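Have a look at the structure below, then the notes.
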Amino acid sequence: MLHTPSPPFAGQYDLAVIGAGVVGCAVARRFALAGAKVVVIEKGADILSGASKANSAILHTGFDAPPGSLELELVKAGRAEYLAIRESLGLPLVETGALVCAWNAAEADKLDAIAAQGRANGIEELRLLSGAEARATMPGLAERLVAAIEVAGEHIIDPWTAPLAYLTQAVALGAHLLRDAELIEGRFDGDWTLTTSTGTLRAAAVVNAAGLYGDVVDARLGFEPDFEIRPRKGQFVVLDKAAFAHLPRIVLPVPTEITKGVVVCPTAFGNVLIGPTAEEQEDRTRATVETGALEALLARGAEIVPALAGIPVTAVYAGLRPATESKAYRVIARADRRAITLGGIRSTGLSAALGLAGHALRLHEGFGLPATAPATPPTLCLPNLTETRERDWQRPDHGEIVCHCELVTRREIEATFDSPVPPGDFGGLRRRTRAGMGRCQGFYCNARLAEMTKGRLKEPLAVGEREE
Amino acid sequence: MNAPFESTSADVIVVGGGPAGVAAAMELRRRGIARVLLLDREPELGGATRHCAHSPFGMREFSRVYLGAAYGRRLAAEATRAGVELRTGYSVVRLESGGRLEVASPAGVGTLSARRILIATGARETPRSARLIPGDRPLGIVTTGTLQSYVAFHGLMPFRRPLIVGSELVSQSALFTCLTHGARPVAMIEPGPHALARAPFAWFPRLMGVPFHVGADITDIRGAARVEEVTIRLADGSPRTLACDGVLLTGRFTPESALFRQSTLGVDPGSAGPAIDQDGRSQDPLVFAGGNLLRAVETGGWAFREGRAVGRALAEDLARGSEANAPTPVDFETPIKLVVPSLLRAGANAAPAFPDFQLRMARAASGRLSLEIDGREVWARAGTWWPERRILVPIPPGATRAGSVRFRFREGQ
């Protein structure tokens, strides 16, 4: 069945979260756990449809975050909470560790400073390695490696199931998700009246977690925007699972002022990721891939790990990061208007999301609203999609394997439509099940998926019946 | 985790129920191999022929013409009559050494083992991602196989006004599928300088009133939910933007060789399929391969005959005992794209499964193609060769005992 907006709520919400990206989902969970009646207002047909759908899937330590920054504090807090709750939510963690690799003398000269900053940031598990020592831990690295820093705590996670779990917990506690609901205007008269493209609602407080539209949403809430989003595009290439054996660890470059640079990294799904590029652009909606950039990423990957040359491409994608004119997170609390803006959350958003949510709750406590009674976290376990744990196809009576490349079962696909936060579009179905995400990209399963999802997605896969 | 078939073992397990796999399984039975198990992950046999509603199948092997789905049913009936044990809905997830397969079925997972394994998993088209096509990534960008599955299995259409990319034989079939099921392609483009299909097939788009551009590439795809327009660059460099609701990527077949790629055997860089010797035997002498997995792509009839030949060689191998001599690799020079078989093994069957080397060129090339065995030229021919067209060179007697085998190409001679 086509997802319908949650039933209208007659009363006033305690909190409206604008944006169902990873930060919005984490905020909804944190406030729902604190006992608040939460509504999440999402412009897209599904959650994670903006910046959050495309990232490197790394759970960062914060070793390279600006010392003393809010970003560092929230990355560390978010990571700690992820590690604390992941078992109870069934979320994966693949303990890869990372190597910051210096490929020439100039880069090697920067390693001492990076290690010192990492230690100053409270990350003790850092080791300076010679090129040979680093290659001993990962033999696939190119021989010209000069030196590296091992950061044992950098790990990989499933970047889509984690935020889905946050929101699923919130929904289990009574939160509402409104989809296809764009915030048009907010007026504060002691409480908020929020006009969306699908109706009007009242809330005591708002959190702007609108990602690429953070500045636009601040303006629609009637604020003089304190920052301007300058989208930074990142293109990625995903290699076939045959690449995974060559890449037991995350390979980070020595970062520049502008970007963390191109990462070569295993994924929790058993692939290898190369990216992102860092391209400034005006457009907030188009995240195109470009042949030349993708070829350059492939070449870069093969320079770093020569065995990657010739391994076929499984997928390509691109995302926009909500960068602003400054590197720092743009966190603004306006107590007089009971509004919090979580803006400019770039690459570290996946790691910092739970930290940002906790921070927002603390800021909210300063608004002088009556306290709510904390709720008990509902137990739930999201379906595992990663290769490091048992998958559904390994259990009997799964119906059939629908997607052969990613071994997605009919039972998994049906279950996701019956879940508290069912997919709203095909991208959402792919992120929840991995159907169609594999090496054939739907050659075998796309038609079957079109049939199975008939009437259940906002934009159907098929445009209609065939004619004779 | 339960293992519903942990103790199952067979003489031969054939993986893949398309024409090659079925032909091999039937030939094995015909030659007296007792227990031949045929696995397919789909619910029906037939492989890619299942959704090909238009190509004529079965002319040579069954002396009559079938549409794809009926051909699959004929294969299943013939295989059953031959005494092949059929298991559909079985996915092989890992190829292990020692003749073992890790298998998933609706009943659970387990290990199957056999004295020999024959992999015939066929080929598929290269998707948009691996072609590194630029632009947005909305709905409506599919391959011929996907379109034909929409039409044949589900009565659906993924688009009404697609742009078709490619000009192989399958591209003409894709165009026909569109025209007969209510889709009107806006144009057909071929990145290369010529149509890849031979005349008269290459004339088909223009006969049907569909503009056909050679030397044209996609430079951008726009669309939020679905494809809305595609910009192409024509051969003269000029851009053209076409309003359309889909992109149909045809051809550029690639072997479905994940089982080899993810095993220690790997794949041949030229063909992207497993390296095999003149009997279809891989680097692991217990594992054989045949059909379009070897070198995408030939017709169903070709795959059937090749599967039958590998089945015969495998039966002889079982009778004689495993052939474990170290193989000699077949080398080749650019612009040769692939050579199958790419290994030769001494002491194998008197009549090999592959009487000829199959070659293809990476691009159109004129020049002199030659074969050297132990440094001595034993075959040569000058001419013009087109990409994706088969070149056959007889495997000379005695070549299997050679220390070096090399194809050379001298351009312009």
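Throughout, read-outs are computed from the coordinates displayed, never taken from laboratory work. Note that this is a predicted model, so its numbers are computed, not measured. Heads up, the Cβs are rebuilt from the backbone with ideal geometry, glycines too, and the neighbour counts pull from every protein chain shown.
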Total residues in the range A:383-415, condition out of contact with any strand residue (DSSP E or B) (no Cβ under 9 Å at 6 or more places or on another chain) and buried (at least 22 other Cβ atoms within 10 Å of the Cβ): 1
Any idea which of (1) under 24 Å from the mean Cα position of the chain (by Cα); (2) of a type outside the set (Phe, Trp, Tyr); (3) closer than 22 Å to residue B:303 by Cα is the one residue B:82 doesn't satisfy? (1)
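Just to confirm my filter: which strands (runs of 3 or more DSSP E) fall fully inside the range A:107-179 and include at least 3 residues that are over 30 Å from residue A:198 (Cα atoms) and of a type in the set (A, V, I, L, M)? Please lay out each step first, then the result.
Details: elements: A:126-130, A:147-151, A:176-178.
Where strands (runs of 3 or more DSSP E) fall fully within the range A:107-179 and carry at least 3 residues being over 30 Å from residue A:198 (Cα atoms) and of a type in the set (A, V, I, L, M), they are A:126-130, A:147-151.
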Might you let me know whether the range A:199-208 holds any residue that is under 20 Å from residue A:281 (Cα atoms) and either touching a residue at least 40 places away in the same chain (Cβ under 8 Å) or of a type in the set (A, V, I, L, M) (or both)? no
When residue B:203 is evaluated against the numbered criteria (1) of a type in the set (Phe, Trp, Tyr); (2) in a loop (DSSP other than H, G, I, E, B); (3) free of Cβ contacts under 8 Å to residues at least 24 places away in the same chain, which criterion, by number, is the only one it fails? (2)
When you scan the range B:200-232, how many residues do you find that are under 21 Å from residue B:389 (Cβ atoms) and surrounded by 15 or more Cβ atoms within 10 Å (Cβ to Cβ)? 7
Residues satisfying the stated conditions in the range B:113-129, i.e. in a strand (DSSP E or B), out of contact with any Asp or Glu (no Cβ under 9 Å at 6 or more places or on another chain) and within 14 Å of another protein chain (Cβ to nearest Cβ): B:125
In the range B:152-176, what count of residues is obtained for those that are buried (at least 24 other Cβ atoms within 10 Å of the Cβ), touching a residue at least 40 places away in the same chain (Cβ under 8 Å) and not in a loop (DSSP other than H, G, I, E, B)? 7
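Report, by residue number, each residue of the range B:94-126 that is among the β-branched types (Val, Ile, Thr) and surrounded by 19 or more Cβ atoms within 10 Å (Cβ to Cβ). Lay out the reasoning, then the answer.
Of the range B:94-126, the ones among the β-branched types (Val, Ile, Thr) are B:103, B:109, B:111, B:117, B:119, B:121, B:126.
If the condition is that a residue be among the β-branched types (Val, Ile, Thr) and surrounded by 19 or more Cβ atoms within 10 Å (Cβ to Cβ), then B:103, B:109, B:117, B:119, B:121, B:126 are the ones that fit.
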Tell me yes or no: at least one residue of the range B:252-264 is charged (D, E, K, R), surrounded by 23 or more Cβ atoms within 10 Å (Cβ to Cβ), away from chain A (no Cβ under 14 Å) and not in a strand (DSSP E or B). no
Where in the range A:194-262 are there strands (runs of 3 or more DSSP E), lying fully within it, with 1 or more residues that are surrounded by fewer than 22 Cβ atoms within 10 Å (Cβ to Cβ) and out of contact with any Ser or Thr (no Cβ under 7 Å at 6 or more places or on another chain)? A:199-208, A:250-253
Within the group B:235, B:197, B:187, which residue is under 30 Å from residue B:305 (Cα atoms) and either surrounded by 18 or more Cβ atoms within 10 Å (Cβ to Cβ) or free of Cβ contacts under 8 Å to residues at least 60 places away in the same chain (or both)? B:197
By residue number, the members of the range B:85-112 that are in a loop (DSSP other than H, G, I, E, B) and within 22 Å of the chain's Cα centre (by Cα) are B:89, B:90
Just for the range A:165-185: of the residues that are of a type outside the set (A, V, I, L, M) and touching a residue at least 40 places away in the same chain (Cβ under 8 Å), which one is surrounded by the most Cβ atoms within 10 Å (Cβ to Cβ)? A:166
If a residue has to be more than 7 Å from chain B (Cβ to nearest Cβ) and surrounded by fewer than 18 Cβ atoms within 10 Å (Cβ to Cβ) to count, how many in the range A:430-455 make the cut? 2
Turns out the strands (runs of 3 or more DSSP E) fully within the range A:290-395 with at least 2 residues that are in contact (Cβ under 8 Å) with a residue 60 or more places away in the chain and out of contact with any Lys or Arg (no Cβ under 9 Å at 6 or more places or on another chain) are A:330-334
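Please go through the range B:26-39 and give me each residue that is of a type outside the set (Val, Ile, Thr) and closer than 20 Å to residue B:305 by Cβ, ordered by number.
Of all residues in the range B:26-39, those of a type outside the set (Val, Ile, Thr) come to B:26-32, B:34-35, B:37-39.
Residues satisfying the conditions are B:26, B:27, B:28, B:29, B:30, B:31, B:38.
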